[in-house]
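Every number in this text was worked out from the coordinates using simple rules, so none of it is lab data. Please read all numbers here as calculations on a predicted model, not as lab measurements. Ideal geometry is used to build each Cβ from the backbone, glycine not excepted, and the neighbour counts take in all protein chains shown.
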Amino acid sequence: MTSSRVSIVSSVGPEVARNIRTDGMNRVVDSVEIEAEASGIIFAEEFAAIERLRDPAVQAVFVRPSRRPEWEERLGAVVESGAFRFERLTLPTARIEELPSILEASLPEEGLAFATRLALIDDIAVMADELRQLAGCNSVLLRVLVEAPTEICGFHIDTVGPGLPPFGLLKVYNGEATRYVLARDMPDMGRFYDYLGKRERLSAEWRAALQKEDAAAADRRRSSMLNLDEMLPFLRKGAKVYRTPPGAVVAFRHLDVRELWNLHPSGRTWLHCSPMSGTPRLVVNLSPANPRTARRR
Ligand SMILES: [Fe+2]
């Protein structure tokens, strides 16, 4: 394994993170302070702050309440024990007002206490309403999943359809948080797209080899893939990888899909990556949808 020139730290604002254990591409660091003002990342306790995402110099706003509600702890416990699990839900919603009833009908009841389920539905509805205000949209695409992290995907960009407002919301309710890098640490998007192209090809070949039960070929692809993640060749020397605060709602800049693979400025979007190992996590992702395609299924 190549030695890493990239360290991962927890994005804790002015707080100090001690003895953070990390995995894969990472190594342990004792503490860090992120210079929030110059980083393009905003830390906040109130949803009102997500308006700051309209500033083109801001890539993401983390809304983290000073104290997490108790139901989230109960939710995390049933997700991690496997009691609450379901097939990934992809729910286009023509009108945000319909979202609570769509979730009521779609989210499984098994494994989740009644009050916790209601609190989760309410939480998602609040996020959708915040997205409506930020993006000026009334149609959203909601994705809800309970899955253990995998190595399939590395650092990537989330996109919206052509001409849609380039914003979306993400919340990880439990487990390992999302990783991200700062726009100022990426001098050249060409190098990022070079990484992304290689990473996607290796991942596809790795899965194909696994399917063919060709263990040697699969091992070779996986090791090249992980080596690429260890190096993160698109980052400037000494750049860090950060983690979002636990339980935060992340409002972040998406990319118009027509710009993907183009040499746009790095600050046009928020580069991030899920953890690649750990317990199952409940993840909610909301982005604007085209009202013509957002139909209830
Ligand atoms: Fe993503």
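The sole residue among Arg132, Arg85, Arg117, Arg143 that is out of contact with any Lys or Arg (no Cβ under 6 Å at 6 or more places or on another chain) and assigned to a loop (DSSP other than H, G, I, E, B) is Arg85. If you check every pair at least six apart or on different chains, which have Cβ atoms under 8 Å apart with a residue in segment 90-116 that is more than 27 Å from Asn138 (Cβ to Cβ) first and a residue that is of a type in the set (Lys, Arg) and assigned to a helix (DSSP H, G or I) second? Here the result reads Glu109/Arg117; Ala113/Arg74; Thr116/Arg74, each pair linking segment 90-116 to a residue that is of a type in the set (Lys, Arg) and assigned to a helix (DSSP H, G or I).
Among the numbered conditions (1) touching a residue at least 40 places away in the same chain (Cβ under 8 Å); (2) under 21 Å from Gly247 (Cα atoms); (3) surrounded by fewer than 20 Cβ atoms within 10 Å (Cβ to Cβ), the only one that Cys153 does not meet is (2).
With respect to Thr90, determine if the residue is within 16 Å of the ligand (Cβ to nearest atom) and not in a loop (DSSP other than H, G, I, E, B).
Judged against the criteria, Thr90 is a match.
Pairing residues of segment 166-179 that are under 14 Å from Pro280 (Cβ atoms) and among the aromatic types (Phe, Trp, Tyr) with residues that are away from the ligand (no atom under 12 Å from the Cβ) and assigned to a loop (DSSP other than H, G, I, E, B), at Cβ distances under 8 Å and at least 6 apart in sequence or on separate chains, gives Tyr173/Gly247. Scanning segment 149-182 for residues that are out of contact with any Pro (no Cβ under 9 Å at 6 or more places or on another chain), closer than 24 Å to Val126 by Cβ and more than 15 Å from the ligand (Cβ to nearest atom) returns a single hit, Tyr173.
When Phe114, Phe84 are screened for being more than 23 Å from Trp270 (Cα to Cα), touching a Pro at 6+ places or on another chain (Cβ under 9 Å) and of a type outside the set (A, V, I, L, M), only Phe84 passes.
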